[in-house]
Amino acid sequence: MAWEPNNEGEDPPQPFSLKSKDEIHTVKLYQFEASPPCAIVRALLAWAEVPYDVVQVNYPFKSEISWSKYQKIPILVVNDMQVKSSLFGLRVMVFQVNDSFIIAKCLSPCLFGREATQHELNLMKEITFGVMVAVEIELFSDDKDRSNFVDAFFSDDCCSQTFVKPLVLLMVSQAPDRIRKSKPEVKPLSEYGETFKKGLQGNYIGGSSVGPADLMLWALAEMCKHVRSTLMENWLLKNDLTGWYERVAGETETDTLLTAIMATKKSIWTQ
Ligand SMILES: N[C@@H](CCC(=O)N[C@@H](CS)C(=O)NCC(=O)O)C(=O)O
């Protein structure tokens, strides 16, 4: 039976059958750099040191994903080995997995060597459909953060400085209202703190080692840091999660040798 891609927030119709990193031959990520759920997926792949190709999706036409019924990004395509299979006579199933939560859930066995626990799944869902959306609303509502965000991602040449940047700034400034209307269930960022503070099971949400929920939350904090926003830094501080962040990021002097994690991995940014 051919693989059926999933809808947002829904499991694929058939179980994702890859269970180890060795079964992953190619990974293609349809994305754009500034998108928070795409940063989450890049963090998961970087942590597991899985090489991947990126296809930048251009807005508003998104012609790069015109072949897909699912029209959001990230879209992850695993084992699309048309060239390799004709060379080696391999027949492999091509998997299209959509949505940062579902991508993290399906790929956990391959990336972490185990399924995500129910505790992690609850928090992973809360990250994709709660924290991430709250971060987007609050980041884009703040003049300075919004401007820094646009500077970080949309200002590489003088043409875009003059024409594209003002347009993008306008679109981003309208995003919070649009998001609030389409997702009225999302709470202010501060209201998600307690869940994550209580969510640590030892050093990490994943227990004694980093798991998928740790990396998803780290990616959002890393994105804020990348655009010089203190939004997540303050949230982590208020919720006693700064130590957790530093353990994942591997930035403290004392942690460097023992627990440096993301600091030793491929950056999730190209810009
Ligand atoms: N729950 C999804 C959300 C994906 C999403 O909303 N992506 C945005 C970009 S950040 C998008 O592609 N929106 C569709 C559009 O603007 O046409 C996930 O976490 O992957």
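Please treat every number below as a calculation from the coordinates, not as lab data. Note that this is a predicted model, so its numbers are computed, not measured. Cβ: placed from backbone, ideal geometry, glycine included. Neighbour counts: every protein chain shown.
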Spin-label pair Asp22/Lys144, simplified geometry with 7 Å Cα→Cβ offset, distance in nm: 5.2 nm
Among 172-184, 18-30, the order from most to least packed when residues are scored by Cβ within 10 Å on average: 18-30, 172-184
Gain upon complete extension [Glu185, Lys225; 0.36 nm per residue less C-alpha separation]: 11.8 nm
Theoretical gain in end-to-end length, Asp177 to Thr195 [0.36 nm per residue, Cα-Cα removed]: 3.9 nm
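Using the structure shown, select from Lys165/Lys225; Lys183/Lys266; Lys144/Lys238; Lys165/Lys266; Lys125/Lys181; Lys72/Lys198 the pairs with a Cα to Cα distance greater than 24 angstrom.
On the way: Lys165/Lys225 21 Å; Lys183/Lys266 33 Å; Lys144/Lys238 21 Å; Lys165/Lys266 28 Å; Lys125/Lys181 20 Å; Lys72/Lys198 32 Å.
Checking Cα-Cα distances, Lys183/Lys266; Lys165/Lys266; Lys72/Lys198 exceed 24 Å.
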Shape parameters for region 1-62, alpha-carbon atoms, Rg then Dmax in Å: 13.3, 36
Set of aspartates and glutamates with alpha-carbon distance to Lys197 below 15 Å, sequence-local pairs under 8 removed: Glu120, Glu126, Asp214, Glu233, Asp240, Glu246
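Jot down the per residue volume, in cubic angstrom and as a whole number, of the convex hull over the alpha-carbon atoms of region 23-112.
Spread over its residues, the Cα hull of region 23-112 gives 99 Å³ apiece.
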Kirkwood hydrodynamic radius over Cα pairs of region 1-158, then Stokes diffusion coefficient at 4 °C and 1.567 mPa s, in µm²/s: 77 µm²/s
Protection-proxy order for peptides 125-131, 186-192, each taking the mean of Cβ atoms within 10 Å per residue, highest first: 125-131, 186-192
Column: log10 I(q)/I(0), Debye, Cα scatterers of region 118-264, q = 0.22 Å⁻¹: -1.33
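How big is the charge dipole of region 23-112 about its Cα centre, in debye rounded to the nearest 20, if each Lys and Arg gets +1 on its Cβ and each Asp and Glu gets -1 on its Cβ?
Numbers: 8 positive and 7 negative charges, 45 e Å.
Charge dipole, region 23-112, about its Cα centre: 220 debye, nearest 20.
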Over region 164-215, equivalent-ellipsoid semi-axes from the Cα gyration tensor in Å: 33, 16, 8
Percent of C-alpha pairs per 5 Å bin, the chain, short to long: 1, 5, 12, 16, 19, 17, 13, 9, 5, 2, 0, 0
Over the chain: helical MRE at 222 nm, DSSP H runs n ≥ 4 each giving -39500 (n - 2.57), nearest 500: -13500 deg cm²/dmol
